[in-house]
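Only one structure is covered here, and it is reproduced in the block below.
The values are calculated or read from the model by the stated rules, or taken from the named source; none is laboratory data. The structure presented is a predicted model; accordingly, all values stated were derived computationally and were not measured. As a convention, Cβ positions derive from the backbone with ideal geometry for all residues, glycine included, and neighbour counts pool all protein chains shown.
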Amino acid sequence: MKSTRSAKDMTRTEQTEPTVYKPVKLSEHSYLAALNWITSNDTGVSSKAIWAIMMTGKPPSGNSAPADSSDFGRCYRLLKMIPEFEESLDRMRSIENDTHINGYPDVPGGWREKNTWSVFVDNYPKLCELYKHCLDTGDGNPFYTFWNKAKRSDNLKCNH
């Protein structure tokens with residue numbers, strides 16, 4: 001029988017397993033790019049989580065959403081390199097019960113309680129815009145301000 005308690009109230013072992021998808025269907029070019037990317041030096045915990053969900057259908061043990069613009073940049077470059085991944089970004093919501101950010105457990109009552117991957121997916125277009133601004137101007141403050149506000153917001157989508 002399935003528990004009626006929320007995922008937030010359950011221990012890690014009581015929580016349901018994440019959704020498992022079939023791997024994303026890739027063109028030959030994208031498939032080779034994905035294989036080359038995973039062995040590159042432009043990877044991080046967040047971008048590897050995207051790669052794992054898209055290539056295997058399952059999240060890796062380290063599946064944290066991006067913490068800052070550097071993390072986001074690695075995800076952004078991966079998603080732009082492999083358009084089929086970007087088109088399937090909604091799959092990242094399957095990591096609903098991720099309670100670790102870059103390997104550190106959630107702090108009860110802290111901003112990391114929210115499903116940061118859903119926040120990431122909801123705000124991806126705006127994050128891309130702010131990331132490009134950061135690259136063009138060298139000013140990362142708008143990105144940091146928006147991303148931190150979105151992660152802490154009661155509304156998962158931050159429109160400011």
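Of all residues in segment 58-80, those satisfying the criterion of being within 20 Å of residue 21 (Cβ to Cβ) and of a type in the set (A, V, I, L, M) are 65, 78, 79. Filtering segment 19-72 to residues that are of a type outside the set (A, V, I, L, M, F, W, C) and touching a Cys at 6+ places or on another chain (Cβ under 9 Å) leaves 44, 46, 47, 66, 69.
Number of residues in segment 29-45 that are at pLDDT 95 or above and assigned to a loop (DSSP other than H, G, I, E, B) equals 5.
Do we find a residue being modelled with pLDDT under 95, aliphatic (A, V, I, L, M), in contact with a helix residue (DSSP H, G or I) (Cβ under 7 Å, 6 or more places away or on another chain) and part of a loop (DSSP other than H, G, I, E, B) anywhere in segment 19-28? Taking every residue of segment 19-28 in turn, none turns out to be modelled with pLDDT under 95, aliphatic (A, V, I, L, M), in contact with a helix residue (DSSP H, G or I) (Cβ under 7 Å, 6 or more places away or on another chain) and part of a loop (DSSP other than H, G, I, E, B). Residues of segment 59-80 that are part of a helix (DSSP H, G or I) and not hydroxyl-bearing (Ser, Thr, Tyr): 71, 72, 73, 74, 75, 77, 78, 79, 80.
Residues in segment 34-59 that are more than 12 Å from the chain's Cα centre (by Cα) and more than 15 Å from residue 82 (Cβ to Cβ): 41, 57, 58.
Within segment 57-76, the set of residues being under 23 Å from residue 145 (Cα atoms) and surrounded by fewer than 15 Cβ atoms within 10 Å (Cβ to Cβ) comprises 68, 70. Within segment 40-52, residues that are free of Cβ contacts under 8 Å to residues at least 24 places away in the same chain and under 14 Å from residue 20 (Cα atoms) reach partners that are of a type outside the set (Asp, Glu) and surrounded by fewer than 19 Cβ atoms within 10 Å (Cβ to Cβ) with beta carbons closer than 7 Å, at six or more positions or on different chains, in the pairs 52/58; 52/60.
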